[in-house]
2 protein chains.
Amino acid sequence: MLKLSRLTDYAVAALVRLSAAEGVETSPGIAAAIGIPEPTVAKVLKILAGQGLVLSTRGARGGYRLSRPLSSITVAEIIVAIDGPIALTSCVEGSGGVCESLLRCPVAGRWDPVNTAIRSALQNISLSDMAHAALPRGLRMSEVA
Amino acid sequence: MLKLSRLTDYAVAALVRLSAAEGVETSPGIAAAIGIPEPTVAKVLKILAGQGLVLSTRGARGGYRLSRPLSSITVAEIIVAIDGPIALTSCVEGSGGVCESLLRCPVAGRWDPVNTAIRSALQNISLSDMAHAALPRGLRMSEVA
DNA sequence: GGCAATCAGGACCTTATTTGTCCTATTAAC
DNA sequence: GTTAATAGGACAAATAAGGTCCTGATTGCC
């Protein structure tokens with residue numbers, strides 16, 4: 001169905017929430033604010049922290065805060081952080097495993113333009129675009145619908 | 001991992017193959033040509049026929065053929081045919097079921113720009129672009145990488 | 001008219017992925 | 001030292017995808 005994981009959705013919600021909080025907020029606090037179970041939110045934040053999208057402070061009075069403004073975080077970054085590299089087909093995963101029908105496959109390697117087009121589209125949408133429900137820079141609704 | 005289903009991959013391979021065959025080809029014939037098990041290829045072809053992307057002829061000497069040239073079939077069409085509508089999050093599926101955290105969700109409905117950007121990107125790549133490993137019309141590699 | 005080839009449609013089982021939860025260790029404030 | 005908080009990983013359950021097979025309908029050929 002070409003959809004992204006639910007965790008990515010949670011990540012966006014958490015980041016937007018963090019931006020609104022303007023400071024350090026704890027995992028349970030964020031969970032309550034966006035209405036998602038705490039353990040799950042904690043998991044997402046840990047991943048985001050590992051990728052450097054949020055900064056964490058441990059210990060009492062600790063919590064998470066954004067490492068940069070929403071406007072400089074792209075949707076592509078979040079997807080990569082949570083779901084891994086954006087590669088629509090296994091052919092381009094570069095994971096060493098070669099598709100067994102490669103020799104006969106008439107489209108071997110041909111998904112690359114599709115992958116790059118998707119990446120490009122996602123890199124041009126920042127989280128602040130989403131927070132404001134606006135269109136990405138340079139695009140008009142007529143070009144996109 | 002934001003990937004599309006393997007069946008979509010098979011569909012592309014089958015359609016490109018059908019284009020090369022230039023005429024009617026049977027399901028087993030296509031399966032042999034692209035190196036994918038026959039039952040699975042048959043399943044894909046049935047879906048494609050149902051969506052009008054290929055025309056089928058029943059009975060002896062029957063088979064499948066393209067309904068239009070490759071250049072007028074977009075990647076988006078294939079994905080929609082196999083995987084259903086392109087909607088990255090369940091929020092926008094429009095399936096009547098309302099997300100239970102909708103009221104608190106700070107990004108409710110905000111994925112729309114992302115979805116439209118993805119659709120736009122996929123609609124600008126035709127199967128003939130893939131068959132030739134070329135870039136979609138109007139785009140240069142520098143704009144996409 | 002009968003036989004063989006071929007698509008149509010759906011049921012079904014198996015496997016892989018994703019979710020969500022929990023447990024233990026570590027860190028820092030008071 | 002106690003409490004509040006993150007770090008990291010292990011794990012079971014739920015969901016989705018993939019693949020196979022069976023039965024029925026249609027058409028060409030002998």
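The values are calculated or read from the model by the stated rules, or taken from the named source; none is laboratory data. Computed from a prediction, not measured in an experiment: that's the story for all the values here. Virtual Cβ from ideal backbone geometry, glycine too; neighbours counted across all protein chains shown. Note: accessible area is taken over every heavy atom of the protein model, side chains too, but ligands, DNA and RNA are not part of it. Shrake-Rupley method; radii C 1.70, N 1.55, O 1.52, S 1.80 Å.
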### Query
Quick check: is even one residue across the stretch B:76-85 more than 10 Å from DNA strand C (Cβ to nearest atom), modelled with pLDDT under 95, more than 7 Å from every other protein chain (Cβ to nearest Cβ) and outside any helix (DSSP H, G or I)?
yes
### Message
Which of the numbered conditions does B:GLY62 fail, given that it passes all the others? Conditions: (1) within 11 Å of DNA strand D (Cβ to nearest atom); (2) free of Cβ contacts under 8 Å to residues at least 40 places away in the same chain; (3) within 19 Å of B:ALA131 (Cα to Cα).
### Response
(3)
### Residue check for A:ILE73: modelled with pLDDT of 95 or more, under 19 Å from B:ALA117 (Cβ atoms) and buried (at least 18 other Cβ atoms within 10 Å of the Cβ)
yes
### Query
Among the residues of the stretch A:1-23 satisfying the criterion of being under 14 Å from A:ILE78 (Cβ atoms) and charged (D, E, K, R), which is least open to solvent (accessible area, probe 1.4 Å)?
A:ASP9
## Note on the structure
Of those in the stretch A:24-41 that are under 18 Å from A:ASP83 (Cβ atoms) and buried (at least 16 other Cβ atoms within 10 Å of the Cβ), the residue farthest from DNA strand D (Cβ to nearest atom) is A:ILE36
### Message
Just the residues that are within 11 Å of DNA strand C (Cβ to nearest atom) and either assigned to a helix (DSSP H, G or I) or touching a strand residue (DSSP E or B) at 6+ places or on another chain (Cβ under 8 Å) (or both), please, taken from the stretch B:47-74.
### Response
B:ILE47, B:LEU48, B:ALA49, B:GLY50, B:VAL54, B:LEU55, B:SER56, B:THR57, B:GLY62, B:GLY63, B:TYR64, B:ARG65
### Query
Taking the condition within 14 Å of chain A (Cβ to nearest Cβ), more than 18 Å from B:VAL75 (Cβ to Cβ) and among the polar types (S, T, N, Q), does B:THR26 pass?
no
